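Scroll down for the structure; my scribbles are underneath it.
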Amino acid sequence: MRTQSEALLLIPSILLFLLPSSILSSIPPFSCDTSNPSTKDYLFCKATLPIEQRVDDLISRLSLVEKISQLGDRAPPIPRLGLPGYKWWSEALHGVSDAGRGIHYNGSISAGTSFPQVILTAASFNPLLWYRIGEAIGTEARALYNAGQAEGLTFWAPNINIFRDPRWGRGQETPGEDPLMASRYAISYVRGVQGDSYQGDGGAGLKASACCKHFTAYDIDRWNGVLRYSFNAKVSVQDLEDTYQPPFKSCVEQGRATGIMCSYNQVNGVPTCADSNLLTKTARGLWGFYGYITSDCDAVSVIYTNQKYTRTPEDAVAITLKAGMDVNCGEYVQKYAYSAIKQGKLSENDINRALRNLFAVRMRLGLFNGSPKHGLYGDIASEQVCSSAHQYLALEAARDGIVLLKNLEQFLPLSKSKVSSLGVIGPNANRASMLLGNYYGPPCKSNTPLQVLQNYVKNTRFVAGCDTVICNTSHIDEAVKLASSVDYVILFMGLDQTVEREDFDREDLALPGMQQSLITSVARVAKRPVILVLLCGGPVDVSFVKDDEKIGSVLWGGYPGEAGGLAIAEVIFGEHNPGGRLPLTWYPQDFIRVPMTDMRMRADPASGYPGRTYRFY
Ligand SMILES: *[C@@H]1O[C@H](CO)[C@@H](O)[C@H](O)[C@H]1NC(C)=O
Ligand SMILES: *[C@@H]1O[C@H](CO)[C@@H](O)[C@H](O)[C@H]1NC(C)=O
């Protein structure tokens, strides 16, 4: 509960959010509109001046209350200066998503290209492909903006934390376990999104802004009672230097990312968003970071509420802004910055410092140059979203990521003309949304593997076998009956977001529930060896398939995106030769004896600690 005096301090910022909507709707979604007569008097509108000078001019015109209003992910408009509101939070992990607040697929553009989840794209080991996907995402983002469906152009991707533990629910979002690989991914993706060339030569202006997250050593969500909101990652200087930091260093130095997100967790006892050594000395100082730093959502409030790291909310706000964070995802800073100043914990200069970074990014995006129609990216049209080129790229990425894990006596590929009947079995065979993983937007189109296979083989029949991937109620009998009556059998098994997701890590590595039993029962009765397709982000222990001669071929397809169903069928029927390689170690189930909280990379034979990733395990 809030005291009365605290409530009084909040009044100025509350007023700002209650401006009549008639005023708001009169502001176009960009600053420095030439039809506004004041525009020519504002230095901050003069596109020929250096950004720093324009930013300083703008900040000098703001009241303290207006300044504070800009420190949350939903920055309200400042009508008297012709500034529209700005939404800092948008997502574009593997396609422009509507998971944040800035993107709306409710106008003439109702869908965007949904590329494979990152862990599968990573398996192509192809930086040029990663760049081209970033480029397509930047283009679709601009098209959405030009169509009036983006209230921001700052995207909180890529996720480049090292996939350190196979149970991590968000490992699927990352390019895997190797620091060099994650670095190369970060560089390629960021250059593509932001409009730089593949080699890194800067374009004429920022196309969209990418954000290296989650800075740093964040890779636990919720495991065995440990929550990301309060986890203290104990990391050695050596592991920090040669495992956790390299992707971020590359993302900033070579990718020239314009955003960084500090994480929820602490590193060695200090919340990352409150760590000036990390944000200011390392990122801005040593690496030359030029951009804005956002907190993860509510990561400032957790410093006080979950971590009890500060005595008051005001201290949490002051410590993060002084450390170098610029904007808070959430309303916490907007709520407590005024009282922090009144209590002498924060100065207006601390706020000006943050605002300089925030407005500089908005200006570099061209949002203070009048109508974007006349700007650098003004001619990117709605037709470029879901263009055939982008949709083909989504197919290419899915094809190139798919990994052939087993192929007994060259069982694959199948020849279409020789398959007279096909049995498709499994909980992942006919669900379009599971193909997209997480952080997706509405896809241009999406066909399930079953739908595509029905086009390849007329006589295709389907039994799910398990109601869900959890597979605690199964229909093995039905599946066995189907398997024994058809020419060939393809099983679609694995995981989905109900068992590995954000805020939810796995407890073990086996296939859930009765999946294994379904697979072996079906394989036993099938006329020929069966084909097993695993759709999952994190690894599963399927060592039982190794010596089972009734399981002819095994494919891993990650979460393959909108074109994933087609890509898998093309691989099965020999129209594409699978060349993907796993970007992470598939550990045996026995690995779960290792506490997920143990951040050490290197093995310690004396205590039985096995080490992590192909480098040390
Ligand atoms: C789309 O959604 C946004 C956010 O909810 C809303 O402000 C906007 O008016 C909507 N546009 C249309 C055309 O419905
Ligand atoms: C199966 O799992 C679901 C999801 O965890 C649960 O709601 C349901 O009660 C379970 N059913 C059985 C038969 O155990």
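The values are calculated or read from the model by the stated rules, or taken from the named source; none is laboratory data. Quick caveat: nothing in here was measured; it's all calculated off a predicted structure. Heads up, the Cβs are rebuilt from the backbone with ideal geometry, glycines too, and the neighbour counts pull from every protein chain shown. The accessibility values were calculated without ligands, DNA or RNA, using every heavy atom of the protein model including side chains. Shrake-Rupley method; radii C 1.70, N 1.55, O 1.52, S 1.80 Å.
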Next item on the list: Towards the positive end of the charge dipole of the chain, with charges on Cβ (+1 Lys, Arg; -1 Asp, Glu), say which of Phe125, Phe492, Leu584 has the farthest Cα.
Entry: Phe125
Checklist line | Point-to-point label distance, Asn459-Asn352, nm (Cα→Cβ direction, 7 Å offset) | finding: 8.1 nm
Checklist line | Ordering of 529-541, 28-40 by burial proxy (mean other Cβ atoms within 10 Å per residue, highest first) | finding: 529-541, 28-40
Next item on the list: Return the loop-located GluC sites (Glu not before Pro) in the stretch 544-617 (DSSP other than H, G, I, E, B) with at most 10 other Cβ atoms within 10 Å of their own Cβ; answer none if there are none.
Entry: Glu549
Checklist line | Cα gyration tensor, the stretch 38-81 - rounded (a/c under 1.5), prolate or oblate | finding: prolate
Next item on the list: First select every other residue whose beta carbon is under 14 angstrom from the beta carbon of Arg528; then total the charges, Lys and Arg +1, Asp and Glu -1.
Entry: 0
Item checked: Under 29 Å from Lys406, Cα to Cα: lysines that are on another chain or at least 8 residues apart -> Lys416, Lys418, Lys458, Lys481, Lys527, Lys546, Lys550
Notebook entry, point to check: Expressed as a whole percentage, what fraction of the accessible surface of the chain belongs to carbon and sulfur atoms when a 1.4 Å probe is rolled over the protein heavy atoms?
Noted result: 52 percent
Note to self: With every protein chain left in place and a probe of 1.4 Å, what is the accessible surface of Thr305, to the nearest 10 Å²?
What the structure shows: 60 Å²
Notebook entry, point to check: Points 7 angstrom from Cα along the Cβ direction at Asn268 and Glu478: gap in nanometres?
Noted result: 5.7 nm
Next item on the list: Take each of the peptides 58-65, 427-434, average the number of other beta-carbon atoms within 10 Å over its residues, and list them starting from the highest.
Entry: 427-434, 58-65
Next item on the list: With a 1.4 Å probe and all protein chains in place, put His94, His475 in order of accessible area, largest first.
Entry: His475, His94
Check: Between Ser63 and Arg222, 0.36 nm times their residue separation minus their Cα-Cα distance comes to what?
Finding: 53.1 nm
Checklist line | Pair Ala381, Ser417: separation of 7 Å Cα→Cβ label points (nm) | finding: 4.4 nm
Check: Roughly how many Å² of Lys46 are accessible to a 1.4 Å probe, to the nearest 10?
Finding: 80 Å²
Check: Given +1 on the Cβ of Lys and Arg, -1 on the Cβ of Asp and Glu, and no further charges, what dipole in debye does the stretch 388-593 carry about its Cα centre, rounded to the nearest 20?
Finding: 760 debye
Item checked: Fully extended contour minus Cα-Cα distance, from Gln199 to Tyr614, at 0.36 nm per residue -> 146.5 nm
Note to self: Accessible area per residue for the stretch 4-384 in Å², computed with a 1.4 Å probe and the full protein assembly in place, what is it?
What the structure shows: 34 Å²
Notebook entry, point to check: Shape of the stretch 388-593 from its Cα gyration tensor (a ≥ b ≥ c, root eigenvalues): rounded if a/c is under 1.5, otherwise prolate when a/b > b/c, or oblate?
Noted result: rounded
Next item on the list: Using the 4.7 Å Cβ rule, please list in number order the cysteines from the chain without any candidate partner.
Entry: Cys211, Cys536
Item checked: Ranked order, Arg501, Arg184, Arg284 - accessible area, probe 1.4 Å, largest first -> Arg184, Arg501, Arg284
Notebook entry, point to check: Taking a threshold of 27 Å on the Cα-Cα distance, which of the pairs Lys40/Lys207; Lys281/Lys373; Lys249/Lys335 fall above it?
Noted result: Lys281/Lys373; Lys249/Lys335
Next item on the list: Provide Asp505, Asp98 ordered by accessible surface of protein heavy atoms (probe 1.4 Å), highest first.
Entry: Asp98, Asp505
Next item on the list: Would you compute the Debye intensity of the stretch 4-384 from its alpha-carbon atoms alone, equal scatterers and no solvent, and pass along log10 I(q)/I(0) at q = 0.06, 0.09, 0.12 Å⁻¹ to two decimals?
Entry: -0.21, -0.49, -0.89
Next item on the list: May I ask for the angle, rounded to the nearest 10°, between helix 388-401 and the longest principal axis of the chain, with both axes built from Cα atoms and the value confined to 0 to 90°?
Entry: 60 degrees
Margin query: Need one word for the stretch 487-547: rounded, prolate or oblate. Basis is the Cα gyration tensor (sqrt eigenvalues a ≥ b ≥ c); a/c below 1.5 gives rounded, then a/b vs b/c decides.
Written below: prolate
